[in-house]
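One structure is given below, encoded as structure tokens.
The values are calculated or read from the model by the stated rules, or taken from the named source; none is laboratory data. Fair warning: this is a prediction, and the values are worked out from it, not measured in the lab. FYI the Cβ positions are ideal-geometry reconstructions off the backbone, even for glycines, and counts take in every protein chain you see. Quick note on the areas: whole protein, heavy atoms, side chains included, nothing else; ligands and nucleic acids left out. Shrake-Rupley method; radii C 1.70, N 1.55, O 1.52, S 1.80 Å.
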Amino acid sequence: MDNSPSYVLVTGATGFIGAHIVDCLLGRGIRVRGTTRSAAKGASMIAARPQHAGRLDFVQISDFSSPDIDLSGAFAGIDINGVVHVASPFTYDTLDNEKELILPAINGVRAMLAAAAASKTVKRVVLTSSFAAVLDANRKAPLYFTYTGVDWNPLTYEEAADLNTSAVIAYRGSKKFAELAAWDFLRNNPEVGFDLVTLCPPMTFGPVVHPVPSANSLNDSNAMLWRIAEGKEPLPVARVPFWIDVRDLAQAHVEALVRPEAGGKRYIPASPERFSYGLAAEIIRDGFEFARGREVDLTGQVIDQSHGVDGETAARELGLRYRTFRETVVDMVGRVAAMSRG
Ligand SMILES: NC(=O)c1ccc[n+]([C@@H]2O[C@H](COP(=O)([O-])OP(=O)(O)OC[C@H]3O[C@@H](n4cnc5c(N)ncnc54)[C@H](OP(=O)(O)O)[C@@H]3O)[C@@H](O)[C@H]2O)c1
């Protein structure tokens, strides 16, 4: 593709990760159209970025769970030459996992790719998948192993959609089957004028730049850190020890969009440093007056060293330098603390 797309569509642009991608694109002089289900959130994103007036606009779309979802309106009237598809339901607060998590994730991907193909102007699509699509929760290490971009979680659709399955498992299924739908679409429609890059980040933390009315409405991953900052006990136990800073992840998306040689690849952008919520609690205690002197109960906070993740390929091929966990936690907590003070 042209190394510097001039107009990029970002779905999920009002979310935690999407808003950082928007800022990264705007910072490079690339125009952005965001999609959102809420016109008010789109307006608030624009109002918070007066320096980019006229270079950021929003299109309202329907929920991915609605029947006959059609995203062609998002491409209307302009030449969009790149798409970053971030939007997908990310919640564990569900009543029906298949309806609320799995089907909207898959249908959102399909609708976006169909609309991108119909536009005839898109040259590359970058999809935010997840380490959840990679992780095999039953893979135990008698010998050390390293997850790479060729690994897929082994869940079947039936296991993920089973009514008795937890939302955590169903979310893993939603990311796997949505990403597979994207690769299938490209395989079945070789005539489309674009290629695909997928990114499979693990837990993502960092400062918040999207519209959030209060600390109570943080996205799921940051909400975990904020609960710790508030001194809530007991500390949660990390399901995986891998993570990435949201700013590094935003950069990974933009590099995946503009680097021709990234086309067709699947990356796991992930810091080489491991984390636990105990480590986060210690960083918060050391870095913030309001948490000083706090006892940190590290029971259950042993960091799993039995396997690794290959974040190095993404760093090398996308030109990333991962931030430290300390910097990420301090920046995130500092930002939310300031927000809470008003
Ligand atoms: N945060 C993490 O730790 C993490 C790690 C790995 C991968 N990811 C992936 O990164 C992406 C963004 O996550 P995030 O943490 O930024 O979450 P977020 O803040 O909840 O943002 C998700 C965005 O997706 C849109 N969305 C959610 N459900 C939707 C639905 N049913 N129909 C249409 N749009 C919907 C929302 O847009 P509107 O409300 O504006 O319509 C929202 O802006 C997701 O694909 C997630 O799976 C996240």
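Checking each residue in segment 72-110 for being buried (at least 21 other Cβ atoms within 10 Å of the Cβ), more than 15 Å from the chain's Cα centre (by Cα) and more than 10 Å from the ligand (Cβ to nearest atom) picks out A74, F75, I80, N81, G82, N97, I102, I106. Residues in segment 1-44 that are closer than 19 Å to G77 by Cα and β-branched (V, I, T): V8, V10, T11, I30, V32, T35, T36. Of the residues R335, R247, R285, R259, the single one that is closer than 19 Å to F131 by Cα and open to solvent by 50 Å² or more (accessible area, probe 1.4 Å) is R247.
Among the residues making up segment 304-342, those that are among the acidic types (D, E) and farther than 18 Å from I268 by Cβ are E327, D331. Of all residues in segment 9-58, those satisfying the criterion of being open to solvent by less than 30 Å² (accessible area, probe 1.4 Å), aliphatic (A, V, I, L, M), outside any helix (DSSP H, G or I) and within 16 Å of the ligand (Cβ to nearest atom) are L9, V10, A13, V32, L56. Residue pairs whose Cβ atoms lie under 6 Å apart, sitting 6 or more positions apart in sequence or on different chains, and linking a residue in segment 143-158 that is closer than 24 Å to G263 by Cβ to a partner that is open to solvent by 30 Å² or more (accessible area, probe 1.4 Å) and of a type in the set (F, W, Y), do not occur here.
Applying the condition of being among the acidic types (D, E) and within 22 Å of V237 (Cα to Cα) to segment 282-309 and asking which residue is nearest to the chain's Cα centre (by Cα) yields D304. D184 meets all of the listed conditions (1) open to solvent by 20 Å² or more (accessible area, probe 1.4 Å); (2) within 23 Å of I21 (Cα to Cα); (3) in a helix (DSSP H, G or I) but one, namely (2). Summed over segment 293-322, residues that are touching a Ser or Thr at 6+ places or on another chain (Cβ under 8 Å), under 24 Å from P142 (Cα atoms) and of a type outside the set (A, V, I, L, M, F, W, C) total 5. Taken over segment 262-305, the criterion of being in contact with a helix residue (DSSP H, G or I) (Cβ under 6 Å, 6 or more places away or on another chain) and basic (K, R) is satisfied by R285, R294.
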